[in-house]
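Novice: What follows is a structure written as structure tokens; I'll ask about it next.
The values are calculated or read from the model by the stated rules, or taken from the named source; none is laboratory data. The structure presented is a predicted model; accordingly, all values stated were derived computationally and were not measured. Glycine gets a Cβ as well: all are built from the backbone with ideal geometry, and neighbour counts include every protein chain shown.
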Amino acid sequence: MIPARFRELLEGGAYVTQGFDRCLMVLTEPYFKQVYDNVNTMNLADPNARLLRRLILQMLIQLRWIRSDASLFHKIFASLRV
């Protein structure tokens, strides 16, 4: 179940990816766009930039909020094996 105070933030959709230390990161759509743009401007010859890009993008899942099912995110998180 998504706490009510976060529902408004996530109404436009969200992205879930593996974060640092194998936790899950939930990013709003505008914030994900900022992160994505920053990662794409990094030098691909830099091994750390490639590692960060893989970390953020390889496990990426885009979620859409469905008002009638407040437990949607919980169902998706429960099915992830990180």
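Novice: Among the residues of the stretch 54-75, which ones are surrounded by 11 or more Cβ atoms within 10 Å (Cβ to Cβ), part of a helix (DSSP H, G or I) and either among the acidic types (Asp, Glu) or at pLDDT below 60 (or both)?
Specialist: Matches in the stretch 54-75: LEU72, PHE73, HIS74.
Novice: Also: Restricting to the stretch 13-25, give me the number of residues that are in contact with a Lys or Arg (Cβ under 9 Å, 6 or more places away or on another chain) and either assigned to a loop (DSSP other than H, G, I, E, B) or surrounded by fewer than 13 Cβ atoms within 10 Å (Cβ to Cβ) (or both).
Specialist: Counting residues in the stretch 13-25 that are in contact with a Lys or Arg (Cβ under 9 Å, 6 or more places away or on another chain) and either assigned to a loop (DSSP other than H, G, I, E, B) or surrounded by fewer than 13 Cβ atoms within 10 Å (Cβ to Cβ) (or both) gives 1.
Novice: I'd like to verify a number: residues in the stretch 26-53 that are loosely packed, with under 15 Cβ neighbours inside 10 Å, outside any helix (DSSP H, G or I) and hydrophobic (A, V, I, L, M, F, W, C), how many?
Specialist: So the count comes out to 3.
Novice: Shifting gears a bit: So, in the stretch 1-48, of the ones that are among the small types (Gly, Ala, Ser) and closer than 23 Å to ARG64 by Cα, which residue ends up modelled with the lowest pLDDT?
Specialist: We begin by selecting, within the stretch 1-48, every residue among the small types (Gly, Ala, Ser); these are 4, 12-14, 19, 45.
Cutting the leftovers down to closer than 23 Å to ARG64 by Cα gives us 4, 12-14, 19.
Values: ALA4: 76, GLY12: 79, GLY13: 83, ALA14: 88, GLY19: 83.
My answer is ALA4.
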